[in-house]
Every structure is written in C-alpha cells, then in structure tokens.
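Encoded as structure tokens, the structure appears first; notes follow it.
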Amino acid sequence: MVDNWLVVFIIDDLKTIPASFSVVDVTFYTFDKSRCSNWKLLQSPRYQKTVVPKFLDKNCACTQVEADTKDEAFEKGEQKIEAALNILRAFKSGFELRRPLNGLVRNETTGEEGLTLQAEWYRDRCAAWNYELSPDELKKLSKVTPALDRVLAGSAGSVMRKRVFRALRWAAMATQETEKADKILKYTTAIECLFINEKVGKAKLAGERVATFWVDDDAKRDAIFRSINRLYKLRNNIVHGEDFLVTNTDESAMDFVVRELVFAVAEEVSTNNLWSFDDFLSRLNTLKKTWKPPKA
C-alpha cells in the first residue's frame, strides 16, 4: 500500500528572509524547537545530545511523497528536494549550494518515523552554504518557478519534460564549478539538452535555435548566434586540449544560459503544450520567420 510521507532534509545555513518559501512543492524553513517537538523520534533520550543538534535551528527543506517504505520515501524526497535545489542553483549563479545532508521521514498514516545521517564521518555539523535571496529575487523566483511546476506535473514520459530537467541539472552543476573550463562544458551540455537532437553541426544549430527562441530582432539574433558559437569553439578547444581564454563576454553568455534560458524554455513548453521535441522545433521554426543566421 502506498502511503503519504513527510520528508525533511537539513540544509543548514541557507540564508533567506524570515518567512518560509516554496519551490516546486518543496518548502524551506528553520527547523526550530516547535517543529522539533513534532517528531517523536527526536524526543528519545538517546538522540537528545547527538542527533537533535544536527537538526535544531538549522534551515531545512520539506516535502511530501508517496512511497511504500521508509527507504523509498527518503529516496523520493531527496530527489524532489534536489530538483528544488537545482532550481535555486540555476536561478542565481556564483553561490554554493551543496546536497542535502541529514534527514527525517514520517508516514502520515501510521506515524512511523525514520532518520538518516548523511554527513561525512569527519564533519561534526553541516557545512555552511553561501546562498542568499533578497525579497526582490524571491519575487522573481515566484514568477519563474510555476512553469517548472507545470513541466514537473506533465507526463513522466514526455521528451521535453526530461530535457528541461536534464538541462536544469547541468546548468545547476555549472554554477557550482570554480573552474571556468568545467563551467563551459556544463553550460553547453545544458544548451544541447534543450535544443539539440542531432549528432553533427551542433554549434550552428545551437546558435540558430537559441537566437531564434530568445529574441525576435535580427541584429540581436546575430549577436546571440555568434556568442553561442564562441562557447562551442571554447568547448572544443577545452575537450581537445587546445589553448583557450575565457573572456568577460564569455562569462556573460554563460550566466545568460544559467539564469534565464532553462526557465524560459520551461515556460514555452508548459504554456504551449510542446511535450515532444518535434513540437518544440516546429514552434522555433514559426518564431524564426525570415531570419537567417550569419556565417559563424
């Protein structure tokens, strides 16, 4: 029998405004004494000194899942929370967000509770995260995430649902990189998840499709086309061991990909029900009109 489970993972020092906020069915808030007292497991004397401090007054991510077992609930809950964290990672680049650490689950029907401690053996507490959202950023986040909610709620087998969340994952991983070369590899992979199905001519196709999708002014499309081609040339030099230089313009192009493109495609797909890749390409061809890409 499938039951509803409440899942909580601690994420420690995520800085937010005082009130809680939600991202794709995951709510972030502080695990204070009141919330701690709602867990019977944490009231056990054996956990008071060793386990409770790992949770109390830490920021956490909470969601609900359907599962047969406690272990399945942990797995599904962590997957949902990771998806929400990927949105935050991609939404605001340049700020570190690690994976969830210690967690709790509770069967909402039977009351069964479970605990997992995932922090590495040498770490006495969760390492602090360097991430903060201003009220204005939270407002913007609340506008862009409904599209991802709709994509997540779409058919599990739909191609564009898979592509959007695969791109989100690569873009999110890119923001966590400190090495610029690794960022470029991940950013271009995110672009391909969204726009490419072909095996050859990827740079030209990516530049053409991103430019077509993003703006409707021909001059701006030319500039975006050249920018994407530049990223692909850098990617090829990195992969094949050639010399390369990442400029400020390249940085801006990468940030554009991370912070805007995945969310915009999610909006386009969910608003127009473009669940197959062919449907998405047809939409791009409609937007393209008479524009032709310049020579790379």
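The numbers here are math on the coordinates, done by the rules we state, and not lab data. Given the structure is predicted, the values throughout are model-derived calculations rather than measurements. Cβ: placed from backbone, ideal geometry, glycine included. Neighbour counts: every protein chain shown.
Annotations
- Ranked by the mean number of other Cβ atoms within 10 Å of their residues, highest first, the peptides 163-169, 193-199 fall in the order 163-169, 193-199.
- Which label in [x] 1.03; [y] 0.97; [z] 1.18 gives the computed Rg/Rh (Cα atoms, Kirkwood Rh): [x]
- Degrees between helix 70-91 axis and first principal axis of the chain (Cα, 0 to 90, nearest 10): 40 degrees
- Placing unit charges on the Cβ atoms of the charged side chains and taking the dipole of the chain about its Cα centre, the candidate lying farthest along the positive direction among Ala19, Asn285, Val2 is Asn285.
- Exposure proxy order (Cβ contacts within 10 Å, fewest to most) of Thr30, Thr189, Thr249: Thr249, Thr30, Thr189
- Against the main long axis of the alpha-carbon atoms of the chain, helix 262-272 sits at an angle near 80°.
- For the chain, the longest principal axis of the Cα atoms and the long axis of helix 180-195 meet at an angle of about 80 degrees.
- Between Gln64 and Glu113, the contour length at 0.36 nm per residue exceeds the alpha carbon distance by 16.3 nm.
- Looking at the range 214-288, the GluC sites (Glu not before Pro) that sit in a DSSP loop and have at most 12 other Cβ atoms within 10 Å of their own Cβ are Glu242.
- For peptides 81-91, 223-233, 134-144, sequence by mean Cβ density within 10 Å, most packed first: 81-91, 223-233, 134-144
- Ranked for footprinting exposure by Cβ neighbours inside 10 Å, fewest first, Thr27, Thr50 give Thr50, Thr27.
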